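In what follows, a structure is listed as structure tokens, so that the remarks can point back to it.
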Amino acid sequence: MAISAATKAATDALAVNHAPTSVNAQEVHRWLQSFTWDFEKNRTKYPTKYKMANDTKEQFKLIAKEYARMESVKDERQFGSLQDVLARVDAAKRVHPKWNETMKVVSNFLEVGEYNAIAATGMLWDSATAPEQKNGYLAQTLDEIRHTNQCGYVNYYFAKNGQDPAGHNDARRTRTIGPLWKGMKRVFSDGFISGDAVECSINLQLVGEACFTNPLIVAVTEWAAANGDEITPTVFLSIETDELRHMANGYQTVVSIANDEAASKYLNTDLNNAFWTQQKYFTPVLGMAFEYGSHFKVEPWVKTWNRWVYEDWGGIWIGRLGKYGVESPASLRDAKKDAYWAHHDLFLLAYALWPTGFFRLTLPTAEEAEWFEANYPGWQENYGKIYDEWRARGCEDPNSGFIPLMWFIENNHPIYIDRVSQVPFCPSLCKGASTLRVHEWNGKMHSFSDDWGERMWLSEPERYECQNMFEQYEGRELSEVIAELHGVRSDGKTLIAQPHTSKDGKLWTLDDIKKLNCVFADPLKSIKAGDR
Amino acid sequence: MSKSSNSYGAGIMGKTGKAFHDEYFAEENQVVHESNEVVLVLKKSDEINVIVDEYLLGDHADDNKTLVIEDRSGYWWLKATGKIEVDCAEVAELLGKNFSVYDFLVDVSSTIGRAYTLGDTFTITSELMGLDTKLKDLQS
Amino acid sequence: MGIQVESGKRGLTDPDMARVIANAVPTQPLDSNNKMNYFVKPRGRRLSEYEILCCYAQPTPDWIPGGLDWGDWTQKFHGGRPSWGNETTELHTTDWHKHRDPANRWHALYVKDKAEEWRYTDRFLKSYSADGQVRSIDPVWRDEVLNDYLGAFCFSEYGLFNSHSSASRDCLGDTLRMSIAMIGLDKVDNAQMIQLERTFLAKLVPGFPESTDEPKKEWTQGAIYKSARETVEDIWQATYDWNEILWSGHMVYDPLFGQFVRREFFLRLSSYFGDNLTPFFINQMQLYHSQTKGITGDMFFHCLADDVEFGDYNKRILRAWNDKWLPRTVNALKDFMGIFAKIPEIKGVTDKPAVEAALERVFNDWKRDYADPISYKVDTAALIKTVLSGLK
């Protein structure tokens, strides 16, 4: 067979140059945009009211194999540290007990978000039309598997090597008992995967990741390190090395719709709803985890929030997009109020309901009370004096026969759950942006805590029908619920949850709870539509 | 501590108690304000520490005088006006080993601003890439 | 000491802070059970690390079989469609959490394997080019077959890759979701490896077209991939049941069409045309195929066809899906037979008896590994005869 001109040219070229040649990732990536083709049935299974452009680019130019190499290097470092030096110095037992408890929640709840983001980015990969955009979402799908495994690894590591394995060892089962779980699902699970695909992207990437992962995954590492925990920084800072690509994905979602007419109609509403949805849960829960779940304090939560959420996310992401019609979220004023007060409001309720947790909580000490008052003037008058009263009644001691939930009932401070965010609130005590409003629909009463969630529900009530824990457990005795949902330690009787982290303190058992005869009541049974 | 407006404790962040409360809740601070800054979080590592000390604060200290770098335990926190750029081919020479832009991304923990790669270069910029400025592909 | 820490101080290394922490830590762990996920039923004798890190990450309520949560979804699609629902698939099970990747790959193990393959690919390409091996490739094989037809096969792999998007969104279990995303990534990796090979050839052979224009024209307008393209389009976008998407792609189309094109055409014939490059990439694709086969075999046979309550019902559905997808796949192969008219005939290699023998290997493998486990009756000789009618 005759040698073609091309083969001759190749042979000639080799005669003068035998240099080893390879192909790098970006040389392949530049062809990705041409990998798709038009065909009649090509439409997504997850429609959006926006039209995503066909030429949207990916900012980091990864292909599957280079992605794997990069991630593998990250893993060598991360798991190398955990399995080698941190194991050698017995790091898990050198963490402050309060923080050990905090990581039961933080790592597992972050895992929920990461896990659901696998599905969320699967949906976006389906709905995008530009192959580069699909490629960005796909890498994120794999990242989210990584993060699910990493968060699991933190609980696994603390369970195996730490000071209190209970809760770390079964968080995926016991997390469903208490008042923080359904709100977690709204914000980090269903909020990412159920709705208009672009709306989900805004929730997940533009707000959840670009805004709240910075305090949740970056700032948390400072709090962890201060409290002796080097496990969390090792894992979480490595998680965050993927998040920057996710933030870019969220930004490119906006780029892909920026010139679509629908954007001018809907984008600001979707952005505001997403911002409110995410902040409604993250703002109080993270603030509570940092300030009430630590011994050593890094800075007031409101400052962390002001830096990462207001100044940097607000100014650098949202502010810069102003010329494309993106507006400051209308709910920002209420969100800022929440960032100052809502975590204090939430800790009151979380502590009152402590037996339903899968972690131990601790009342603020006198030194902490002083720190709170210095950073949040008015704290002692609103919260500190209540803790003083609870402590005086022996709330940490199983022999006291007192859990703070009883104080709420005695003093007529009903606790409601916002139907849309599923976040509990006590209208008569809270200083955050929550006030009670009540509607009746489909033969059922619904309570709400704010304008923004109420509006979402009024326009689409069928999206927010989930029953809350008070409706679910109504009429049932507390110890019975805890036992049924596996909230006990390996001896079968001591609760995983405890109202203190004192190493000398007595641990509460199911029997101690049973003696209280605490029966769940649904507060919606005693209110009517229009109540405020 | 640096007095730059880009530093971690600049402006309202240096205030406490009532002074912080009053500025935080001031009427003008109830909407977002456009910012031309970028923020980069670099996870501390053997290579990143060299990049911070010898590249960003060393040979390239004059590239962007607004750049502030602060130690936050597990990570370096960087803030600058405009952009921050890292040429990984040059870093590879500094480190004395192969070091691609994807090796750099191994320890880049967060970005606030538009970040992208092109060839060996990592850039984070306040420009609106893909909207005001086109993203480029590697040329053959 | 105070509770407000100075910037950068760490509890593990600052002596004063470390002392405060040490005084607060209990002398003995507060619970004796230090095994995460101890409540999970292991596939083997003991829980594997993979099961610990993956199982029950899925937060579904107990009305989706296997779920540990209670109640409704906290937010639904517009109109009230649930986040996840039993109605997204025709198949039923007593436990959507039962699946396990036989290789126990969680993310770190998965990317480690692929990273090794990438590093070795880079070294291989350098030695191949320095050695000048490209000179031995037959020009027709290189310029027409590799450029046009291997190039066009990139789109088959890319389309199948995209069929995993909705499946990774809609499936009902955690180990399932992770496996689906991983086998999806392998498919786009295949597509990218094909383009990588073409880019590499363009670097070594002046004038070899790197552009995807010609392959895409072949894929979208040519006769050889016509039925394959139509089948891939239907798997990707015209199928809503996530199990049917996976079944049609991984249990019918790919083990028949994909295996013939990759193994019996490109891999088997390359060496006859002086091509030692293509087998390097195809063998990576074959590795991914075999790993995928382990995963999908576990999903469909171990978990669904053998389910204690729904096994017989599931097998009936799977057989019905075979009835739907097998004829399309046979047509895809029949169209592909046209490729043999484009290459020089090598006796015993590309002639009809050799092609028939290759088809027998593929169909017999499929019958044994995919049809028999669900008691699907198939006349492979008749199917092969239909395919061979496409030989020009």
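Every number here is computed from the coordinates shown, using simple stated rules; none is lab data. In this text the structure is predicted, and so the values were computed from the model without any measurement. All Cβ positions, even for glycine, are placed from backbone atoms using ideal geometry, and neighbour counts span all protein chains on display.
Summary table below
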read-out: Chain lengthening between residue C:124 and residue C:9 when straightened (0.36 nm per residue, less Cα-Cα); value: 36.6 nm
read-out: For region A:81-129, alpha-carbon Rg relative to the globular expectation (2.2 N^0.38 Å, N residues); value: 1.77
read-out: Euclidean distance of C-alpha centroids, region A:407-435 and region B:1-64, integer Å; value: 37 Å
read-out: Lysines with Cα under 26 Å of residue A:8, excluding same-chain neighbours fewer than 8 positions away; value: C:126, C:203, C:342
read-out: Shape of chain A, Cα gyration tensor, a/c cut at 1.5; value: prolate
read-out: Positive-end residue, chain A charge dipole about Cα centroid, Cβ charges, pick of A:409, A:19, A:275; value: A:19
read-out: Hydrodynamic radius by Kirkwood, which averages 1/r over all alpha carbon pairs of region A:37-116, in angstrom; value: 17.8 Å
read-out: Projected area, mean over directions - region A:310-365, Cα convex hull, nm²; value: 5.9 nm²
read-out: Fewest-first sequence of C:183, B:124 by Cβ atoms within 10 Å of each Cβ; value: B:124, C:183
read-out: Whole-number Å³ per residue for the convex hull built on Cα positions in region A:168-214; value: 86 Å³
read-out: Rh (Kirkwood; distinct C-alpha pairs) - chain C, Å; value: 23.7 Å
read-out: Fully extended contour minus Cα-Cα distance, from residue A:77 to residue A:515, at 0.36 nm per residue; value: 152.6 nm
read-out: Helical contribution to [θ] at 222 nm, DSSP H n ≥ 4, -39,500 (n - 2.57), averaged over chain A, rounded to 500; value: -15500 deg cm²/dmol
read-out: P(r) weight above 21 Å for region C:88-198, C-alpha pairs, percent; value: 54 percent
read-out: Rounded tilt (10° steps) of C:15-24 against the dominant C-alpha axis of chain C; value: 80 degrees
read-out: Which of A:371, A:223 has the fewest Cβ neighbours within 10 Å, and the rest in rising order; value: A:371, A:223
read-out: Simple spin-label estimate for residue B:25 and residue A:484 in nanometres, 7 Å along Cα-Cβ; value: 4.4 nm
read-out: Unit charges on C-beta of K, R, D, E only; dipole of chain A, Debye; value: 440 debye
read-out: Between region C:1-62 and region C:269-343, the Cα center-to-center distance that results, in Å; value: 44 Å
read-out: Magnitude of the charge dipole, the protein assembly as shown, Cβ model with Lys/Arg +1 and Asp/Glu -1, debye to 20; value: 1600 debye
read-out: Within chain B: Cβ-based charge dipole about Cα centre, in debye rounded to nearest 20 (Lys, Arg +1; Asp, Glu -1); value: 400 debye
read-out: Along principal axes, Cα extents of region A:223-302, largest first, whole Å; value: 52, 25, 15
read-out: Over region B:24-129, volume per residue of the alpha carbon convex hull, in Å³; value: 108 Å³
read-out: Under 13 Å from residue A:57, Cα to Cα: aspartates and glutamates that are on another chain or at least 8 residues apart; value: A:132, B:137
read-out: Farthest positive-ward along region A:90-246 dipole, Cα basis, beta-carbon charges - from A:225, A:210, A:118; value: A:225
read-out: Using distinct alpha-carbon pairs, which all enter the 1/r mean, Kirkwood radius of region C:235-275 in Å; value: 11.5 Å
read-out: Residue A:37/residue B:134 FRET efficiency (R0 30 Å; Cβ-Cβ; nearest 0.05); value: 0.80
read-out: For residue A:509, residues with placed amide H under 5 Å, excluding near neighbours; value: A:495
read-out: Given A:93/A:185; A:160/A:297; A:49/A:134; A:160/A:182; A:41/C:226, the pairs whose alpha carbons are separated by over 22 Å; value: A:93/A:185; A:160/A:297; A:160/A:182
read-out: Gyration tensor over alpha-carbon atoms, region C:54-150, equivalent ellipsoid semi-axes in Å; value: 49, 20, 13
read-out: Cα-derived Rg to Rh of region C:304-384, Kirkwood definition; value: 1.12
read-out: Region A:382-396 - phi-based ³J(HN,Hα) in whole Hz, Karplus 6.51/-1.76/1.60, Gly and Pro as x; value: 8, 10, x, 5, 5, 4, 4, 5, 5, 5, 4, 8, x, 4, 8
read-out: Relative intensity, log₁₀ I(q)/I(0), of region A:474-532 from a Debye sum that treats every alpha carbon as a point, q = 0.14, 0.15, 0.27, 0.28 Å⁻¹; value: -0.51, -0.56, -1.11, -1.16
read-out: Area projected by the alpha carbon convex hull of region A:143-247, averaged over all directions, nm²; value: 7.1 nm²
read-out: Residues A:151, A:466 arranged by fewest to most Cβ contacts within 10 Å; value: A:466, A:151
read-out: Positive-end residue of A:48, A:85, A:131, charge dipole of region A:42-145 with Cβ unit charges; value: A:48
read-out: Computed over the protein assembly as shown, Cα set: Rg, Dmax in Å; value: 29.8, 98
read-out: Spatially proximal lysines relative to residue A:528 (Cα-Cα < 18 Å; intrachain offsets below 8 disregarded); value: A:444
read-out: For region A:1-145, radius of gyration divided by Kirkwood radius, i.e. Rg to Rh on alpha-carbons; value: 1.17
